[in-house]
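J.: After the structure tokens below, expect a handful of questions from me.
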Amino acid sequence: MKRIFSGMQPTNRLTLGNYLGALKNWVKMQDEADTQCIYCVVDLHAITVSQDTAGIKTATREVAAAYIAAGVDPKKSIIFAQSAVTAHSQLGWILGCMTPLGWLNRMTQFKDKAGKDKEKASLGLYGYPALMAADILLYQTTHVPVGDDQKQHVELTRDIATSFNIHIAKKDFFTIPEPVIMGDATRVMSLRDGTAKMSKSAESDMSRINLTDDADLIVQKIKKAKTDAGVVPSNEGEYEGRPEAKNLITIYAALADTSKEKVMGEYGGQQFSAFKNALSDLCVDKLSPMTTRMRELMADVGEIDRILADSADKAAAIAEPVMSDVMDVMGFWKRP
Ligand code: TYM
């Protein structure tokens, strides 16, 4: 049986990058045969950068609402908040104790997020990948669907699991998970700079499309998206060295579930203004049903809370026996 685990941080609003790079693929995976999907809202990871104690619960519900609005079905998949299953923190600590600094120092996300003043970054931000490894390994996960930027963390998880199996458990204790980077939109770029990732934490809101943006705002953001002086490329060779053009084509193809070649076949040689109109229509068409459903779910959080509670029980039922076995392997004293 395949077991899928993935998660998103409840920091700011989810973007089109989160949707195309991960969420859209999660929805597809829940219909595969012999597959159990577990989708987590990683609130413990969210506090590695700032501690928004007033807003985090709403942000957690909003991310859960986005999962459901995008098509994750709570009857098929587990949707829960990371902090509600305490084994994540427990295993995160244990794995942190066996993750060498040398491995953590290779992580590019820490370098990006810590910025210039590393002295101000928290221990939590540095140890973030060990907690992510705990998330994945607690469920004996076989596959982890993520965008390109998280691949390095899943590879580190494989190293941590292998090392635990060899040196601590001395048997195949943890399943070694595979990263799954699906589709063409594995790295959606900023609308203002085709060389930077579209990110929910970037300063300019015009750089991203949020899953909560209304139609007018989406149209405005795409209209203002940076392009170059040329026309829409007609083939791959023509978009090399033109990151903004490549990004818009990639977004269009992913939203329309088609290939970049087909998109360029249709729009190649046209002015960007015409292509942007078509892209805006497509984007509004795909996102507005999701935005409406998210709003409905957020208007009465009772349903979301019921789903999160029910799913947390299901998640704990899988994670707790694994955690109990970890305690035995570690030689820890357990409450009888
Ligand atoms: P996060 O919250 O930054 O992003 C959630 C998912 O969205 C993908 N993504 C993108 N994909 C394509 N283009 C983009 N511009 C883009 N921006 C974000 C990310 O790759 C990710 O798949 N550490 C993780 C959360 C996490 C996790 C886990 C994931 C914690 N524990 C266990 C998998 C398994 C993170 O911060 O994702």
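The values are calculated or read from the model by the stated rules, or taken from the named source; none is laboratory data. For clarity, every value in this text was computed on a predicted model and none was experimentally measured. Quick reminder, even Gly has a Cβ in these numbers, built from the backbone with ideal geometry, and neighbours come from all protein chains shown. To get the accessible areas, we keep the full protein, side chains included, count just its heavy atoms, and leave off ligands, DNA and RNA. Shrake-Rupley method; radii C 1.70, N 1.55, O 1.52, S 1.80 Å.
J.: Answer with yes or no whether residue 243 is within 15 Å of the ligand (Cβ to nearest atom), outside the structural domain of residue 272 (by TED's automatic domain parsing) and open to solvent by less than 60 Å² (accessible area, probe 1.4 Å).
T.: No.
Residue-by-condition table, conditions (1) of a type in the set (A, V, I, L, M, F, W, C); (2) without any contact (Cβ under 8 Å) to a residue 60 or more places away in the chain; (3) out of contact with any Cys (no Cβ under 9 Å at 6 or more places or on another chain):
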| position | (1), (2), (3) |
| --- | --- |
| 287 | yes, no, yes |
| 296 | no, yes, yes |
| 301 | yes, no, yes |
| 320 | no, no, yes |
| 324 | no, yes, yes |
| 328 | no, yes, yes |
| 333 | yes, yes, yes |
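J.: In addition: What are the pairs with Cβ atoms under 8 angstrom where one residue, in region 256-269, is open to solvent by 50 Å² or more (accessible area, probe 1.4 Å) and the other, located anywhere, is in a helix (DSSP H, G or I) and modelled with pLDDT of 95 or more? Sequence gap at least six, or different chains.
T.: That search, which allows pairs on different chains as well, returns 262/253.
Yes or no, residue by residue, for (1) of a type in the set (S, T, N, Q); (2) surrounded by 19 or more Cβ atoms within 10 Å (Cβ to Cβ); (3) within 10 Å of the ligand (Cβ to nearest atom):
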{"position": "112", "(1), (2), (3)": "no, no, no"}
{"position": "115", "(1), (2), (3)": "no, no, no"}
{"position": "129", "(1), (2), (3)": "no, yes, yes"}
{"position": "134", "(1), (2), (3)": "no, yes, yes"}
{"position": "139", "(1), (2), (3)": "no, yes, yes"}
{"position": "154", "(1), (2), (3)": "no, yes, yes"}
{"position": "160", "(1), (2), (3)": "no, yes, no"}
{"position": "163", "(1), (2), (3)": "yes, no, no"}
{"position": "172", "(1), (2), (3)": "no, no, no"}
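J.: Another question, then. So which residues in region 290-302 are in a helix (DSSP H, G or I), open to solvent by less than 80 Å² (accessible area, probe 1.4 Å) and out of contact with any Asp or Glu (no Cβ under 8 Å at 6 or more places or on another chain)?
T.: Scanning region 290-302 gives 290, 292, 302.
J.: Oh, and also: Hey, among the residues in region 194-205 that are at pLDDT below 95 and among the hydroxyl-bearing types (Ser, Thr, Tyr), which one's nearest to the ligand (Cβ to nearest atom)?
T.: By that ranking, first place goes to 199.
J.: Moving on. For the list (1) closer than 24 Å to residue 138 by Cβ; (2) within 11 Å of the ligand (Cβ to nearest atom); (3) assigned to a helix (DSSP H, G or I), I need the number of the one condition that residue 17 fails.
T.: (1)
J.: Could you figure out which of (1) in the same structural domain as residue 48 (by TED's automatic domain parsing); (2) open to solvent by less than 50 Å² (accessible area, probe 1.4 Å); (3) modelled with pLDDT of 95 or more; (4) within 15 Å of the ligand (Cβ to nearest atom) isn't true of residue 191?
T.: Here residue 191 clears every test but (1).
J.: What are the residue pairs meeting all of these: first residue in region 112-138, first residue acidic (Asp, Glu), second residue at pLDDT 90 or above and buried (at least 19 other Cβ atoms within 10 Å of the Cβ), Cβ atoms under 7 Å, and 6 or more apart or on different chains?
T.: 135/5; 135/7; 135/40; 135/42; 135/82; 135/88
J.: Looking only at region 69-93, which residues are among the hydrophobic types (A, V, I, L, M, F, W, C), open to solvent by 20 Å² or more (accessible area, probe 1.4 Å) and within 16 Å of residue 309 (Cα to Cα)?
T.: Once the filter is applied, which keeps residues that are among the hydrophobic types (A, V, I, L, M, F, W, C), open to solvent by 20 Å² or more (accessible area, probe 1.4 Å) and within 16 Å of residue 309 (Cα to Cα), region 69-93 yields only 84.
J.: Checking the structure you have, find out if any residue of region 33-40 is assigned to a loop (DSSP other than H, G, I, E, B), touching a Lys or Arg at 6+ places or on another chain (Cβ under 7 Å), open to solvent by 10 Å² or more (accessible area, probe 1.4 Å) and closer than 24 Å to residue 176 by Cβ.
T.: Yes, region 33-40 contains a residue that is assigned to a loop (DSSP other than H, G, I, E, B), touching a Lys or Arg at 6+ places or on another chain (Cβ under 7 Å), open to solvent by 10 Å² or more (accessible area, probe 1.4 Å) and closer than 24 Å to residue 176 by Cβ.
J.: Given 47, 56, 4, which one is crowded, with 21+ Cβ neighbours inside 10 Å and more than 9 Å from the ligand (Cβ to nearest atom)?
T.: Every option except 4 fails the conditions.
J.: Can you tell me which residue among 184, 214 is away from the ligand (no atom under 11 Å from the Cβ), in contact (Cβ under 8 Å) with a residue 40 or more places away in the chain, out of contact with any strand residue (DSSP E or B) (no Cβ under 9 Å at 6 or more places or on another chain) and open to solvent by 60 Å² or more (accessible area, probe 1.4 Å)?
T.: Only one candidate qualifies: 214.
J.: Return only the number of the condition from (1) on the phi < 0 side of the Ramachandran plot; (2) over 22 Å from the mean Cα position of the chain (by Cα) that residue 293 does not satisfy.
T.: For residue 293, the exception is condition (2).
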